[in-house]
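Peer 1: This structure is in C-alpha cells; I'll ask about it shortly.
The values are calculated or read from the model by the stated rules, or taken from the named source; none is laboratory data. Given the structure is predicted, the values throughout are model-derived calculations rather than measurements. A quick note on method: Cβ atoms are made from the backbone with ideal geometry, for glycine too, and the neighbour counts reach across all protein chains shown.
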C-alpha cells in the first residue's frame, strides 16, 4: 500500500503536471487547457446522438492571466492537471473578487492593496514572501526557510512599477508568488504587517 | 356595479333579447355575445371576476342564483343560435365570426364550475382556477342537458366546422365537457346509460371514416378520456354490446394512428407535439380501462392490446420491421444532434407511455412476450455480425478513417426500445414496497409450464454466448425466461465487444438500458419468494428460486457485468451510476447478498476499491459513494466469523489506515492543498457518506463505532480546510448522513457521543465563519450549501424526538460496557447552539431560495415543538428574529411554510401558559400571533388544508389571551353595519366557544373547539372574506 501512497517525496520530485481521466475532473479543480494552467469554472457533458459517447466541455480560467479557455474532449481522455504551489507566509487581507471566485466571501484582517487579483484564483488566504532587494530586474525574496531566492523577475507593467516605487521608498512589502508548471510569477504585493 | 343590480338589469334584457337575437344584425349579435361572455366571467367567481369588495358568501349566492336561472337561459339561447347557424350553408366571414363567438360562449357555459347547493366550505374552491372542470351541474339542468338534441347539435356543429382550427378547438372542448357529464343531473343509472349510448353513437359517427385534422387530435382524445374516466364501468358495459365494441375498436384505431403521427412529429422535430400529447392521453385511458377485470371478461381486450402494442413497437423500430425515423413519404431521416446531460432519458421521459404499453403487453402476453423475444434475438444476431464486420475492417486496415455507424446506431436504437418495453412489461416500478411478479406474467408462465422442457430452458438461460436457436429444442422453453435470456445475450455481445477492444463502437445508452433492465428484473425475480404468491411458476422457481444453481449462476454473471462496466465505463457517469445501483440491488437483500459474497469477484472488487487504484478511482464521487455503500451492505451477509473479520479487514480497515497515514504526516498542514492529498481526503469523506448510507438496524452498532472514530478527525479537517468550501461541505455532509441514518437507532450514551461531536463541529464552523459576510446579491443557491447542510444536520438531530428505534443501547449491548450517562450535552444544547449560529446568517434574501427557506422553517418549527421551554431563554435579538421569521412565514411564504409556522405556535403558547409569566416577551409575541391567526381564519381566504393547524394554534392562543380574544371579536362585530350579518356573526362566535367555556388546555375541549371551528368556517367563513 505504501507504494501508491508516498507523501514523503513532497514537492521535490513532483512533476509539473499529472494526468487524470477527464471524467474524474471536478468543478473548482485545476486542469491544463491549451497549455495553460487553469481553474475549472464550468464543466458539463454532452454526446452526439443518443448512442454517442460522453464528451466533456470544460471552461477554465488561467490562474496567471485570468484569461478564459475552453475545451471539449472525450470523457475517456486523460487531461493534464497542474501542480500548483504558492510560496511564502500566510498574509492578511480581503479580496472582493474572492467572493465571486470561491463561491463564498473570505475576509481577512486587513484589506489588500490593489493588484491583489491573481492569487485569488487559489484557494485559501494569500501567501507572500518578504521583498528584501531588487537587482537587475530580479527580486530578492526572503523565503520561509530563511534562504533568499533571487531568480524571480520583477513583473512588467503597473505591478512592477509599484513594487519598485515602494521598495525605493523603503516600504516593507510582501510579494505573493504563484507557481504552476514551468511558470512562476509575482502576482501581488501588500504592505507587511508591523 | 353591484352584482345584484347587475343581475336584475341583465335578466330583463335577456328576456327581450331572446326573441330578437336570431334576427338581429351581425353587429348586435356580436355585441350581445360579448356582453354575455363578460357576464359569465363576472359571475363565474373565478380569478377573472373583478374585485368589487363583496364577501365571498355574497359572490357564492349570486353565482348559485345565476347558474340555476340565467346561465341556463344563456345556454339555451346559445344552443338556438348555434342551431340556426348549423343549418345555414355558406357562412360569410362575418357570420362565421359570430358563430365562433357563440361557440366559445357555449364552451364557457359547459366548463362552468357548478357550485353545489350547500356552500359549506366550498367558498374557497370558488376562486380556485377553473381549469379542467368536469361538468357536474345541478338537477335543474336535467331537462336541458339530457335532451339528446343538444348533444347532437354539438356533433353536427363540429362536423360542420372541423376544418377551422380555432373553432374546432371550441367545439371539441364542448364535446369533451359533455363527455364528462355526471352528478345529480342523471336521475338514475338508466338515464346515464342512455346518455352514454347516444353520445358514443354520435362520437363514432363523427370520428369514423374521417381523416383527423392535426388540430382535432387533442380534443378527440379528451373526449375519449373523459368518457372512460367519468362513466362507471357498469354503465359502460350496460350500453349495447355492439356499440361498446365499436367504441373500443375506434379507440384502438385512434391510439395506433395517433402513435404513428406522434412518431412523425418527432422525426420532423415539431415544437408543438399535438399528437404526442393526444397519444399520451389515450394510452392513459387504456390503463384505466384494462385495469378492471371485474366488468370485462378475461381476454376481452387482448386483441386490442395486441394492436396497440404492435403499433408502438413498430413506431420505435427501424425499417423494414418498423417505421422509426421515416417521414410520411417513407424517406428515412437521420440527424446526429447534440444531446446535453440535462436531457431526460427515454425511460423517464416516456415512463407513462411505457407503463401503459407494458400493461397492454401483459394483457396480451401470449403474443407480446414471444414477439419481443424474437425481435431481440434477431437484433442480437445482427449486432454481433455487424460488430464482427467492423472488427475485420479494423484489422484489415487499421486507422482507415471513420466507419459509417448508421447500421450500428439503428440496431442500438431498436434494442434500446425493446429493452425499455421489456422492462416495463416484466416488472413494475416499485418504491418502498416489495416488487411482485405481475400476475399476468406469472399466469402465462404457469399456463405453459407443462409444455416446457426445464433443462433446455436452463440451457438457454445459462449460455448467453450462444445463439438461442442453436440450442436443440429451443422452442420448448419458458417464454419469459427466454425473453430474459435474450437480454442477457445483448449483454454478452456487449461484453465480448469490450474484450475485443471495440468499446468505442458500443453504445453507452444501450449499456445503460441493459443494467437498468437487469436491476429491475433482479429486484422482482431473483430469488423469488414463494411465500408471496398463491401459485408459482415451476420454471421460475427452478431457474432463479432460492438455493438453485440457476440463481447462483445469474448472481455471478451479474456481478461480472457490474465489475466490467465499472472498469470500462467509468467515463460514462450515468451508465456507471445505473451499474452501481444494480450492485446495490444485489446486496441490499440478505438472501441475495449471501450468494454475492460467495463469488471470488466480489472480494476482488472490495480489495480493488480499498486500494483506490485505477480504474475504480476514475469513477465519479457519487458512484464511489454508492459503491462503498454496496460493499458495506455486502459485509452483512451470512459469513462465518473468520471470514467476516477478514472481509472487514479488506474493506473498512484500509480506509482508516490510509486516512490516518495522510493526516498524521508532520507536514500535513503544508501539503493539504496539494491535489493528491486533497483527492485522498475527498475520497475518504465520500466513502464515509457511503458507509453511513448503508446503515440498517442490524449493522448500526458496528458502523456507528467505526464512523465515530472518523468524526473526531473530520473536525480537525474543518480547521485545515477552512478556506476550501467544497471540502468543508463534504465534512458537514458526513455528519448529516450519520445523523440522518443512525441517530434513530442510538441509545442514550451513543447519541450523546454524536451530540458532542456535532457540537464541536458547530463550534469550529462558527469560529471559522466569524465575521464572514454573505452579501453578494448575485450569489447562487449552491454557495449556501454549508448553511443548508448545517440546518439539515440540526433537523436530523432533532428527528430523534419523533422517530426513535433505540432500546437503551440494545443494539450495542455486548459491544461496550455501559457508560455513565451523566454527561451534560443534550440534543437541545447542540441544536440551540446551532440555531444561534444559523439565525444570524439567515437573511430575508436567503429565504428566497426555496431549499434554504423550507429547511429553515422545518428547523425552527421542530425546535418550537421540541424545546418550547428554551425559546424564552434565547438572547433577545435571536428571539426577535425567530418571532419575526414566524410572522414572515405566516404572512408571505408558501402554504407549506405557513402550515409549519402555525404548528410552531401551539407549543409556544402552551409554554407561555405553563410559565404563567404575563410580562415575558414570548407572552407578548403570542398576543400578536393571536391577532394574526384570528385574521387569517376569519378575514382571509385560506387553504382548507390548514384549518386544523390554524385551529389548534388559534385555540391555544385563545386560552392564553382570553381577554384579547373577546376584544377582537367585539371590534369585529362593532364594525358590522348590517344587523343581519351582525347577528349571524355574533351567534357563530357564541357557538364557536360554547363547548369550551372557559377555554382550557384540555384535549377534549380542544377537540370540541376544532369541531365547532369547522362549523364556524362553513357557516360564516365566506361572510367576511372579501373579493
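Peer 1: Can you pull out every residue in region B:626-650 that is surrounded by 20 or more Cβ atoms within 10 Å (Cβ to Cβ) and part of a helix (DSSP H, G or I)?
Peer 2: B:626, B:627, B:628, B:629, B:630, B:631, B:632, B:633, B:634, B:647
Peer 1: Loosely packed, with under 14 Cβ neighbours inside 10 Å and touching a helix residue (DSSP H, G or I) at 6+ places or on another chain (Cβ under 9 Å): which single residue out of B:355, B:319, B:365 fits that description?
Peer 2: B:319
Peer 1: A follow-up question, please. As an exercise: evaluate residue B:733 against (1) more than 14 Å from chain A (Cβ to nearest Cβ); (2) surrounded by fewer than 19 Cβ atoms within 10 Å (Cβ to Cβ) and give the number of the one condition it does not meet.
Peer 2: (2)
Peer 1: If I go through region B:839-882 residue by residue, how many of them are assigned to a loop (DSSP other than H, G, I, E, B) and either within 19 Å of residue B:920 (Cβ to Cβ) or touching a helix residue (DSSP H, G or I) at 6+ places or on another chain (Cβ under 8 Å) (or both)?
Peer 2: Matching residues across region B:839-882 total 6.
Peer 1: Which one of these is assigned to a helix (DSSP H, G or I), touching a helix residue (DSSP H, G or I) at 6+ places or on another chain (Cβ under 9 Å), at pLDDT below 90 and under 26 Å from residue A:30 (Cβ atoms): B:662, B:623?
Peer 2: None of the other options fit; the residue is B:662.
Peer 1: Is there any pair linking a residue in region A:149-175 that is surrounded by 16 or more Cβ atoms within 10 Å (Cβ to Cβ) to one that is in a helix (DSSP H, G or I), with Cβ under 8 Å and at least six apart or on different chains, and which?
Peer 2: Once the first residue is surrounded by 16 or more Cβ atoms within 10 Å (Cβ to Cβ) and sits in region A:149-175, its partners that are in a helix (DSSP H, G or I) give A:154/A:160; A:154/A:163; A:154/A:164; A:155/A:163; A:173/A:163; A:173/A:166; A:173/A:167; A:175/A:163.
Peer 1: Okay, next question. Would you check if there is a residue in region B:405-412 being closer than 30 Å to residue B:549 by Cβ, at pLDDT 95 or above and crowded, with 18+ Cβ neighbours inside 10 Å?
Peer 2: no
Peer 1: Return yes or no: is residue B:512 closer than 27 Å to residue B:569 by Cα, in contact (Cβ under 8 Å) with a residue 12 or more places away in the chain, within 14 Å of chain A (Cβ to nearest Cβ) and crowded, with 17+ Cβ neighbours inside 10 Å?
Peer 2: Answer is yes for this residue.
Peer 1: Okay, next question. So residue B:604 ticks every box in (1) under 27 Å from residue A:19 (Cβ atoms); (2) over 35 Å from the mean Cα position of the chain (by Cα); (3) within 14 Å of another protein chain (Cβ to nearest Cβ) but one. Which box is left unticked?
Peer 2: (3)
Peer 1: Please specify each residue of region B:515-548 satisfying the condition of being touching a helix residue (DSSP H, G or I) at 6+ places or on another chain (Cβ under 8 Å), part of a helix (DSSP H, G or I) and without any contact (Cβ under 8 Å) to a residue 40 or more places away in the chain.
Peer 2: B:530, B:541, B:544
Peer 1: Examine region B:209-225 for a residue that is farther than 23 Å from residue B:164 by Cβ and not in a loop (DSSP other than H, G, I, E, B), and state whether such a residue exists.
Peer 2: Yes: one or more hits.
Peer 1: Applying the selection to region B:373-431, what residues are within 30 Å of residue B:457 (Cβ to Cβ), within 14 Å of another protein chain (Cβ to nearest Cβ) and in a loop (DSSP other than H, G, I, E, B)?
Peer 2: The answer is none; no residue qualifies.
Peer 1: I've got another one for you. Taking region B:689-704, which residues are farther than 19 Å from residue B:661 by Cβ, assigned to a helix (DSSP H, G or I) and modelled with pLDDT of 90 or more?
Peer 2: Selection gives B:689, B:690, B:692, B:693, B:703, B:704.
Peer 1: Let me ask something else about it. All but one of (1) crowded, with 17+ Cβ neighbours inside 10 Å; (2) within 12 Å of another protein chain (Cβ to nearest Cβ); (3) modelled with pLDDT under 50; (4) in contact with a strand residue (DSSP E or B) (Cβ under 7 Å, 6 or more places away or on another chain) hold for residue A:90; which doesn't?
Peer 2: (1)
Peer 1: Taking region A:43-68 as the search range and keeping residues that are facing chain B (nearest Cβ under 7 Å) and assigned to a loop (DSSP other than H, G, I, E, B), which one is surrounded by the most Cβ atoms within 10 Å (Cβ to Cβ)?
Peer 2: A:51
Peer 1: Anything in region B:81-103 that is surrounded by fewer than 20 Cβ atoms within 10 Å (Cβ to Cβ) and within 17 Å of residue B:178 (Cβ to Cβ)? List them, or say none.
Peer 2: Of everything in region B:81-103, those that are surrounded by fewer than 20 Cβ atoms within 10 Å (Cβ to Cβ) and within 17 Å of residue B:178 (Cβ to Cβ) turn out to be B:83, B:86.
Peer 1: In the list B:877, B:935, B:919, which residue meets the criterion of being more than 34 Å from the chain's Cα centre (by Cα) and closer than 28 Å to residue B:785 by Cα?
Peer 2: Criteria check complete, one pass: B:877.
Peer 1: Now a separate question. Could you tell me which numbered condition residue B:570 fails, if it satisfies all but one of (1) surrounded by fewer than 19 Cβ atoms within 10 Å (Cβ to Cβ); (2) outside any helix (DSSP H, G or I)?
Peer 2: Residue B:570 satisfies all of (1) surrounded by fewer than 19 Cβ atoms within 10 Å (Cβ to Cβ); (2) outside any helix (DSSP H, G or I) except (1).
Peer 1: I need the full set of residues from region B:447-460 which are under 21 Å from residue B:549 (Cα atoms) and in a helix (DSSP H, G or I), in order please.
Peer 2: Listed by number, the residues that qualify are B:449, B:454, B:455, B:456, B:457, B:458, B:459, B:460.
Peer 1: Under 6 Å between Cβ atoms, which residue pairs at least 6 apart in sequence (or on different chains) link something in region B:653-668 that is at the interface with chain A (Cβ under 9 Å from one of its Cβ atoms) with a partner that is surrounded by 14 or more Cβ atoms within 10 Å (Cβ to Cβ)?
Peer 2: From region B:653-668, the pairs are B:654/B:610; B:662/B:680; B:665/A:7.
Peer 1: Next up: Examine region B:600-617 for a residue that is touching a strand residue (DSSP E or B) at 6+ places or on another chain (Cβ under 6 Å), part of a helix (DSSP H, G or I) and under 22 Å from residue B:497 (Cα atoms), and state whether such a residue exists.
Peer 2: No, every residue in region B:600-617 fails to be touching a strand residue (DSSP E or B) at 6+ places or on another chain (Cβ under 6 Å), part of a helix (DSSP H, G or I) and under 22 Å from residue B:497 (Cα atoms).
Peer 1: What are the pairs with Cβ atoms under 6 angstrom where one residue, in region B:760-775, is within 14 Å of another protein chain (Cβ to nearest Cβ) and closer than 24 Å to residue B:848 by Cβ and the other, located anywhere, is at pLDDT below 90 and outside any helix (DSSP H, G or I)? Sequence gap at least six, or different chains.
Peer 2: Final answer for the pair search is B:773/A:105.
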